[in-house]
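Note sheet for the following structure.
The values are calculated or read from the model by the stated rules, or taken from the named source; none is laboratory data. Predicted model, so just to flag it, every value in this text is computed and none were measured. Don't worry about glycine lacking a Cβ; one is built from the backbone with ideal geometry, like all the others, and counts go over all protein chains shown. Side chains are part of the model used for accessible areas, which takes the heavy atoms of the whole protein and leaves out ligands, DNA and RNA. Shrake-Rupley method; radii C 1.70, N 1.55, O 1.52, S 1.80 Å.
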Amino acid sequence: MELKYKRVLLKLSGESFCKNGGFGIDGDCLASIAERIIQVKSLGMQIAIVVGGGNFLRGETFSKASHIPRHTADYMGMLTTVINACALQETLEKLGQPTRVMSAITVSAICEPFIRRKAIKYLDQGIITILAGGTGNPFFSTDTCAALRASELDVNLLIKGTKVDGVYSDDPKKNP
Ligand code: UDP
């Protein structure tokens, strides 16, 4: 069967890693996501995943509620995406799926730096490539990162897993 989408990029919001309204990482949510990703992978697609970090921290909200300036809060937010990436990596690998974590910010003890050509090589080898650290820049979001990486990696489809059920011009939780 000819695949319609050979290479896809999945953006997983941090909230996909925990129960509705929860915080941090829930093992069952994580396992359920990993199982579904593997089902898609078994169709033969190449999969890159950009992970968010909102289940731990969102820089803008956190800086407003603390004495921590936005830029530092954003770097903290980027670090939380590395935590999610490591959790997803271990879960996928436990289920037999080879993975790599590449980060836009250097955390050399646990993941590799994002290098476009290397990411493409991993994807071509059938390795699920988890992209952490957002764009590596404060004042951006992991959604922007997903669009950026989707373009860089020449994916056929960018898809977002989130609890918001559509595309809105404003936050649907605040503005019905
Ligand atoms: N972040 C950032 N630059 C980026 C990506 C993310 O500064 O390129 C920070 C920002 O503080 C953001 C946090 O990391 O709030 C977590 O990412 P995001 O809010 O996009 O996560 P999601 O809503 O997808 O869970």
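Only strands (runs of 3 or more DSSP E) wholly contained in segment 5-103 count here; list those with 2 or more residues that are among the basic types (Lys, Arg) and either at pLDDT 95 or above or under 18 Å from residue 114 (Cα atoms) (or both).
Hits in segment 5-103: 7-12.
Among the residues of segment 146-167, which ones are open to solvent by 30 Å² or more (accessible area, probe 1.4 Å) and among the small types (Gly, Ala, Ser)?
147, 151, 166
Evaluate the following for residue 115: is it closer than 25 Å to residue 18 by Cβ and either open to solvent by 20 Å² or more (accessible area, probe 1.4 Å) or within 15 Å of the chain's Cα centre (by Cα) (or both)?
Considered against the rule, which asks whether it is closer than 25 Å to residue 18 by Cβ and either open to solvent by 20 Å² or more (accessible area, probe 1.4 Å) or within 15 Å of the chain's Cα centre (by Cα) (or both), residue 115 comes out as no.
Inspect all residues belonging to segment 123-142 and state whether any of them is among the charged types (D, E, K, R) and either under 18 Å from residue 30 (Cα atoms) or surrounded by 15 or more Cβ atoms within 10 Å (Cβ to Cβ) (or both).
Checked segment 123-142: no residue is among the charged types (D, E, K, R) and either under 18 Å from residue 30 (Cα atoms) or surrounded by 15 or more Cβ atoms within 10 Å (Cβ to Cβ) (or both).
Please state which one of 108, 103, 42 is small (Gly, Ala, Ser), within 14 Å of the ligand (Cβ to nearest atom) and at negative phi.
Going through 108, 103, 42 in turn, the sole match is 103.
Given 91, 61, which one is within 28 Å of residue 21 (Cβ to Cβ), out of contact with any Pro (no Cβ under 9 Å at 6 or more places or on another chain) and touching a residue at least 24 places away in the same chain (Cβ under 8 Å)?
91
Restricted to segment 62-94, and to residues that are open to solvent by 50 Å² or more (accessible area, probe 1.4 Å) and under 19 Å from the mean Cα position of the chain (by Cα), which residue is nearest to residue 14 (Cα to Cα)?
Per the criteria, the residue is 83.
Which of the residues belonging to segment 123-176 are in contact (Cβ under 8 Å) with a residue 60 or more places away in the chain, more than 14 Å from the ligand (Cβ to nearest atom) and among the acidic types (Asp, Glu)?
Of everything in segment 123-176, those that are in contact (Cβ under 8 Å) with a residue 60 or more places away in the chain, more than 14 Å from the ligand (Cβ to nearest atom) and among the acidic types (Asp, Glu) turn out to be 124, 154.
Give the number of residues within segment 104-134 that are in a loop (DSSP other than H, G, I, E, B) and among the hydrophobic types (A, V, I, L, M, F, W, C).
The total comes to 9.
Name the single residue, out of those in segment 1-54 being of a type in the set (Val, Ile, Thr) and open to solvent by 50 Å² or more (accessible area, probe 1.4 Å), that is nearest to residue 93 (Cα to Cα).
Residue satisfying both the conditions and the ranking: 40.
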